[in-house]
Amino acid sequence: RRLLPALLVMLVAVGVAARWRIIPAARGDLRDAGLATLGYVANWNALRGGGYWEQTLTPSWLEHTWSLAIEEQFYLVWPLIAVAVLVVRRRGTRDPAPIRSRERRIRLLGTAALAGALLSAGGMIVASLAGASVERLYLGTDTRIAAILLGAAAACFQRATGSVVPVRGTARTVLAGGAVAALALLAGAWALLDGTASLLYRGGLLACGLAAVVVIVDISTPGPSLVARLLALRPLRALGTISYGLYLYHWPIFRLLGEADLDLGRWGLTAARIGLSLAVAVASHDLVEQPILRRRWRWPAVRLAPVGIAAAVLALLFGSIGAVDVSMDEQDATRPDLGARSAAERVVVTTPASGEAAAPGVGVQELIDPVVLVVGDSVAFSLAENGLVHQEKVLGLTTVDGAVIGCSLMLEPGSEPAPGMAPATDCSEDWSALVAEYQPDVVMALFGAPVGMRPTRVDGQEAWPCTARYDDRWRQRLDAAVEVLSSTGATVNLVTGPATNLPVEHMDDVEARQRCANDVVEEVAEDSPVAQATDLAEWVCPDDDCKMSIDGVRLREDGLHFEHGGALIASRWLAPHLRQVEVDPAASSSAVIDAG
């Protein structure tokens, strides 16, 4: 009655919203995350899907439910442990004083909880030193249960006698001062430490757990306490009252509302998101949580629960309609079967590059219904799936989506993704087979993941765009890509990646690095006789002022990927660039076929 009703309502809302506001490539993951949330295993599902600190892909609207899963797992296991310890201890004692026997049994349970907490925290420290991934340490039940067990131990020791043990005099003063220091430690950790900082996993989270215990013990112990007076302020108490609903709804609301929806600045948008989160949390508390918890609804919980679970499952399945599986195997099954295409089927119309009369074969060739192979990462994937593929007849293209989420050209052999980044793969290994099978006229290559947010390892050292080490490697990899993608005679259209609208620190530096990476893209296209560049970045972000919407349609809902109407608009802008092929005056005009 406390946790499940509001959770089910939130899942229904997210499932319905997913049908219209989440790109097809993310709907399958959302469905899986929702079902995992219902099964109390959302933290392990998040690990399967790439982790919590992922930044380059569309974050799940249910990303935050990992912590609720750990809490619920504790609620399932801890009562069994408590019964085992208390019952076994009671049967094994012959103490004639029942009160003393009760104290001993509860203290024993507290000792068991403390031992479990230390074992969990110690396991995290050892695993971190051994090189375990931040994602595994952050999301694993075994490594994160320490904080909850510390609270259980404190509760046992504090209430072993049946009431809070009084603390007076100097001891009470020390406890109050310790709570102030503990609160300062927690505030400092929140403000200064990144979630991927190794310090957290080598004792930092244990220290935060102990600090939280000190605060809780202080405010629950009678006597003067500065922290207790601070936390008793009415606004904070009101937040505490609706904290569960606020936890459930704030993240989906932050994902739902983008800048283009309200046309507000960064701080205005944040204020709107917080305000709506508070309003929904109040409604959840007053209309759902409390009526069911206080048995004010006419239906008993035993009937409401299965109905609510069924509604949540149906909503999640509804929201996943149109989901696109991003695996290469599944993409292969859905790509068009073009068969062998002869040279005579490459119909082109030649126009002069300058608008003046020119000899045939000189200038720009307008391809008629060309086959366009799209390669690249999740940005290319979203643009192809949500725009180019759906408008083939209108755009005059036949599109083959060969993009792969997480594709990167900058991976070193055996390298691991940087902390906080999505798992990446070098998908260039599949390109030879793709161009051989589909014989594309044009290959569109787009790598739109932000390159200025995290350094990349080059020859074993961290490197940033705008440095010789990074730019030289990027140029080499693009040259190699052009060679492979043009091996069957296709023109390679290298598309620049727009800067992200994601809220990131040091945005000026991020934008400058993106420009440097795009400059290399244009240089490679200029130096290659079989490549050309399309400056999508300048169209989306002219003078680094990224467009949020065009004609009232949001261009990139998550600040990175082209989705829904934004993908349609962007693909319409791209299509003429993909059909037009620059012609070298020295090249033979034999490829120009008379359509008549």
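The values are calculated or read from the model by the stated rules, or taken from the named source; none is laboratory data. All of these numbers come straight from a predicted model, not from anything done at the bench. As a convention, Cβ positions derive from the backbone with ideal geometry for all residues, glycine included, and neighbour counts pool all protein chains shown. For the accessible areas, the whole protein counts, side chains as well, though only heavy atoms, and no ligand, DNA or RNA atoms are used. Shrake-Rupley method; radii C 1.70, N 1.55, O 1.52, S 1.80 Å.
The figures follow:
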item: Residue match in the range 148-161 (condition: of a type in the set (D, E, K, R) and either over 21 Å from LEU230 (Cβ atoms) or touching a Ser or Thr at 6+ places or on another chain (Cβ under 6 Å) (or both)); result: yes
item: Number of the condition not met by VAL484 [criteria: (1) open to solvent by 10 Å² or more (accessible area, probe 1.4 Å); (2) out of contact with any Phe, Trp or Tyr (no Cβ under 6 Å at 6 or more places or on another chain); (3) within 24 Å of ASP430 (Cα to Cα); (4) of a type in the set (A, V, I, L, M)]; result: (2)
item: Hey, GLY178 over 30 Å from LEU118 (Cβ atoms), out of contact with any Leu (no Cβ under 9 Å at 6 or more places or on another chain) and small (Gly, Ala, Ser) or not; result: no
item: Within the range 539-566, considering residues that are at pLDDT 85 or above and not in a loop (DSSP other than H, G, I, E, B), the one farthest from ALA380 (Cα to Cα); result: PRO542
item: Within the range 429-467, considering residues that are among the hydrophobic types (A, V, I, L, M, F, W, C) and within 16 Å of ALA512 (Cα to Cα), the one modelled with the lowest pLDDT; result: MET453
item: Odd one out for ALA499 among (1) surrounded by 18 or more Cβ atoms within 10 Å (Cβ to Cβ); (2) modelled with pLDDT of 90 or more; (3) under 25 Å from ASN386 (Cα atoms); (4) of a type outside the set (D, E, K, R); result: (2)
item: Inter-residue pairs, beta-carbon under 8 Å, first modelled with pLDDT of 95 or more and in the range 120-145, second surrounded by fewer than 18 Cβ atoms within 10 Å (Cβ to Cβ) and in a loop (DSSP other than H, G, I, E, B), 6+ apart; result: ALA121/GLY203; ILE125/GLY203
item: Lone unmet requirement of (1) open to solvent by less than 60 Å² (accessible area, probe 1.4 Å); (2) touching a residue at least 24 places away in the same chain (Cβ under 8 Å); (3) under 22 Å from ALA42 (Cβ atoms) for CYS156; result: (3)
item: Count of the range 117-141 residues which are open to solvent by 20 Å² or more (accessible area, probe 1.4 Å), in contact with a helix residue (DSSP H, G or I) (Cβ under 9 Å, 6 or more places away or on another chain) and assigned to a helix (DSSP H, G or I); result: 12
item: Filtered residue count, the range 457-477, keeping only those that are over 23 Å from ASP509 (Cα atoms) and either touching a strand residue (DSSP E or B) at 6+ places or on another chain (Cβ under 9 Å) or surrounded by 14 or more Cβ atoms within 10 Å (Cβ to Cβ) (or both); result: 1
item: Number of the condition not met by TRP190 [criteria: (1) part of a helix (DSSP H, G or I); (2) open to solvent by 60 Å² or more (accessible area, probe 1.4 Å); (3) within 28 Å of ILE81 (Cβ to Cβ)]; result: (3)
item: Neighbours by Cβ (under 9 Å, 6+ apart or cross-chain): first from the range 209-229, open to solvent by 40 Å² or more (accessible area, probe 1.4 Å); second of a type in the set (Ser, Thr, Tyr) and in a helix (DSSP H, G or I); result: GLY223/THR173; PRO224/THR173
item: Residue check for THR170: touching an Asp or Glu at 6+ places or on another chain (Cβ under 8 Å), exposed (fewer than 15 other Cβ atoms within 10 Å of the Cβ) and farther than 26 Å from TYR40 by Cα; result: no
item: Single residue of ALA115, ALA171 found to be within 38 Å of the chain's Cα centre (by Cα) and free of Cβ contacts under 8 Å to residues at least 12 places away in the same chain; result: ALA115
item: For ASP509: the one exception among (1) closer than 20 Å to ALA403 by Cβ; (2) open to solvent by 50 Å² or more (accessible area, probe 1.4 Å); result: (1)
item: Enumeration of residues in the range 546-574 that are on the phi > 0 side of the Ramachandran plot and open to solvent by 10 Å² or more (accessible area, probe 1.4 Å); result: ASP551, GLY552, HIS564
item: Flag for THR196 being in contact with a Pro (Cβ under 8 Å, 6 or more places away or on another chain) and farther than 27 Å from LEU108 by Cα; result: yes
item: Among the candidates ALA18, ALA82, ALA26, residue that is small (Gly, Ala, Ser), modelled with pLDDT of 80 or more, assigned to a helix (DSSP H, G or I) and over 23 Å from ILE148 (Cα atoms); result: ALA18
item: Test result for LEU494, over 22 Å from ALA463 (Cβ atoms), open to solvent by less than 30 Å² (accessible area, probe 1.4 Å) and within 28 Å of the chain's Cα centre (by Cα); result: no
item: When residues of the range 207-263 are limited to those that are touching a helix residue (DSSP H, G or I) at 6+ places or on another chain (Cβ under 6 Å) and in a loop (DSSP other than H, G, I, E, B), the one modelled with the highest pLDDT; result: ILE242
item: Every pair of residues 6+ apart whose Cβ atoms lie under 7 Å, when the first sits in the range 269-297 and is under 22 Å from LEU236 (Cβ atoms) while the second is open to solvent by 60 Å² or more (accessible area, probe 1.4 Å) and of a type in the set (Ser, Thr, Tyr); result: HIS285/THR241
item: Matching residues, the range 1-31, being charged (D, E, K, R) and farther than 20 Å from ALA305 by Cα; result: ARG19, ARG21, ARG27, ASP29
